[in-house]
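A short worksheet on the structure shown next.
The values are calculated or read from the model by the stated rules, or taken from the named source; none is laboratory data. Keep in mind that what you see is a predicted model, and the values were worked out from it rather than measured. Virtual Cβ from ideal backbone geometry, glycine too; neighbours counted across all protein chains shown. With ligands, DNA and RNA removed, areas are computed over all heavy atoms of the protein, side chains included. Shrake-Rupley method; radii C 1.70, N 1.55, O 1.52, S 1.80 Å.
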Amino acid sequence: MRRVVASEVLSPTRLRLLLGKRTEEADNLVHYVYSQCTSGSVVDVRVAVRQYSGNVIRKMMFNKRYLGKGRKDGGPGVEEEEYVDALFTVLSYLYVFCISDYMPSLRRFDLNGHEKIVKEATRIVNKYHDPIIDERIREWKEGKKEAQDLLDILISVKDSDGKPLLSTEEIKAQVADLIYAAVDNPSNAVEWALAEMINQPEMLCKATEEIDKVVGKERLVQESDTPQLNYIKACAREAFRLHPIAPFNLPHVSNADTMVAGYFIPKGSHVILSRIGLGRNPKVWDDPLKFKPERHLKDPSVEVKLVEPELRFISFSTGRRGCMGAALGSAMTVMLLARLLQGFNWGVTLGESKIELSESKTDLFLAKPLLANAKQRLELDVYPIH
Ligand code: HEM
């Protein structure tokens, strides 16, 4: 499955072919935030960034933004809100400790009640996915020939005998997996980055100066600009270092005895890397709890990237089970942050002096969704509001 996804679904060529769909969603993000800021100026950034991530991957997967009637201002309807909430519910249980993972005989008792919650959230996700997938499989059976999105690719990929490679069940599982994998990281990193930057406004200035220099104010940032947006990428990278989505990486199991960094790891061990332990390690990072994008800009001749193959912190991890969506995830994250910064002047809401940067007690998200004041920054005709 990993080979199919790498070569057919997330290959550089496929990502290039689907650029137009991602750009439509980056435009929709600016449209939505613009509508929010003209109708009262306080923006719920969490809603905007989560919906953007959901929209990008849905547009690439199903060629669809809306699951229901949709909204004229580009914002989420009740269906998208329900859907994205369900995705985040499932994701929040992905890393949770569960005794039956270690004592499978206890599984049927659902002692922590996790199974019930995750089943309900999965039911909601499937309620939206299944009819789209079933209908599309029918279209291919009836002669559809041209692939227009990732779902078409998953349905039409063939084995060496020219038969469909994936069963309906495998297609449904793969669609859900890719959607889960795409939504949480870009949105969490950008919500934190913006919150940190609003509290240090000189960073907002530096970031917009960079965008104005590279892109100008007459057009919106495009993915092709991002190689030159090193400061913006340093801000996103810093958010991944300091504010990972979860305290640990996904669990791995060692398939042989091995030594890593002087430690003996016996075959069969569950290996759980601490993302906080790495990213906030004072032996590696000066002043580790401070949000300082400059630390990623030491050599001006090197293009900043969000990947960290040396694992001084974990963004996409590395190796054979490393993230397969690093290129897409980087593009989504950088475009999201760059568009928000280019399109709007950001500040605290009326009556506040700082954004409260505390972590939630149950996970590493900002404790309270980021509410911020946004003001139009560009001439009206640059905004895609038609
Ligand atoms: C900023 C965005 C993203 C970040 C930071 C990120 C990070 C990660 C991390 C840390 C892992 C676990 C690696 C390990 O276990 O060692 C992972 C796995 C994975 N990611 Fe991503 N990811 C991002 C976006 C995406 C996107 C957009 C996709 C595809 C749509 C994707 C697809 C996957 C897949 C399929 C795996 C599982 C690989 C395997 O187990 O073999 N990711 N990702």
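Worth pointing out:
- Inside the stretch 126-156, residues that are in contact with a Ser or Thr (Cβ under 9 Å, 6 or more places away or on another chain) and in contact (Cβ under 8 Å) with a residue 40 or more places away in the chain make up a count of 1.
- Any hit, the stretch 169-178, residues being of a type outside the set (D, E, K, R), open to solvent by 50 Å² or more (accessible area, probe 1.4 Å) and more than 24 Å from R46 (Cα to Cα): yes
- Hey, R107 in contact with a helix residue (DSSP H, G or I) (Cβ under 7 Å, 6 or more places away or on another chain), open to solvent by 70 Å² or more (accessible area, probe 1.4 Å) and part of a helix (DSSP H, G or I) or not: yes
- N55 fulfils the conditions (1) surrounded by fewer than 15 Cβ atoms within 10 Å (Cβ to Cβ); (2) assigned to a helix (DSSP H, G or I); (3) not aliphatic (A, V, I, L, M) except for a single criterion, (1).
- Taking first residues from the stretch 46-71 that are without any contact (Cβ under 8 Å) to a residue 24 or more places away in the chain and partners that are of a type in the set (D, E, K, R) and open to solvent by 40 Å² or more (accessible area, probe 1.4 Å), the Cβ contacts under 7 Å between residues at least 6 apart in sequence or on separate chains come to G68/E79.
- Those residues of the stretch 211-222 which are within 11 Å of R339 (Cβ to Cβ) and not hydrophobic (A, V, I, L, M, F, W, C), in sequence order: Q222
- Residue match in the stretch 3-21 (condition: among the hydroxyl-bearing types (S, T, Y), away from the ligand (no atom under 16 Å from the Cβ) and out of contact with any Ser or Thr (no Cβ under 8 Å at 6 or more places or on another chain)): no
- Output for the stretch 243-258, where each listed residue is more than 11 Å from the ligand (Cβ to nearest atom) and either in a loop (DSSP other than H, G, I, E, B) or touching a helix residue (DSSP H, G or I) at 6+ places or on another chain (Cβ under 6 Å) (or both): H243, P247, S254, N255, A256, D257
- Residues being crowded, with 18+ Cβ neighbours inside 10 Å and not small (G, A, S) - total across the stretch 279-304: 6
- Test: residue in the stretch 266-276 that is open to solvent by 80 Å² or more (accessible area, probe 1.4 Å) and polar (S, T, N, Q): no
- Lone unmet requirement of (1) open to solvent by 20 Å² or more (accessible area, probe 1.4 Å); (2) of a type outside the set (A, V, I, L, M); (3) part of a loop (DSSP other than H, G, I, E, B) for P76: (1)
This table checks each residue for (1) open to solvent by 10 Å² or more (accessible area, probe 1.4 Å); (2) modelled with pLDDT of 95 or more; (3) in a helix (DSSP H, G or I); (4) more than 16 Å from the ligand (Cβ to nearest atom).
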site	(1), (2), (3), (4)
W192	no, yes, yes, no
M197	no, yes, yes, yes
T208	yes, yes, yes, yes
R219	yes, yes, no, yes
P227	yes, yes, yes, yes
Y231	yes, yes, yes, yes
C235	no, yes, yes, no
A239	no, yes, yes, no
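- Residue in the stretch 38-50 that is part of a helix (DSSP H, G or I) and touching a strand residue (DSSP E or B) at 6+ places or on another chain (Cβ under 7 Å) present: yes
- Out of S330, S317, S358, S274, sole residue that is touching a strand residue (DSSP E or B) at 6+ places or on another chain (Cβ under 8 Å), hydroxyl-bearing (S, T, Y) and within 14 Å of the ligand (Cβ to nearest atom): S274
- Unique residue being under 21 Å from the mean Cα position of the chain (by Cα), modelled with pLDDT under 90, under 30 Å from V271 (Cβ atoms) and open to solvent by less than 60 Å² (accessible area, probe 1.4 Å) when the list is V125, V96, V90, V118: V96
- Hey, K368 without any contact (Cβ under 8 Å) to a residue 40 or more places away in the chain, part of a loop (DSSP other than H, G, I, E, B) and farther than 19 Å from V30 by Cβ or not: yes
- Screening I155, I232, I179, I245 for residues that are within 22 Å of Y383 (Cα to Cα) and of a type in the set (V, I, T) leaves exactly one candidate, I232.
- Those residues of the stretch 142-169 which are small (G, A, S) and under 17 Å from M61 (Cβ atoms), in sequence order: A147, S156
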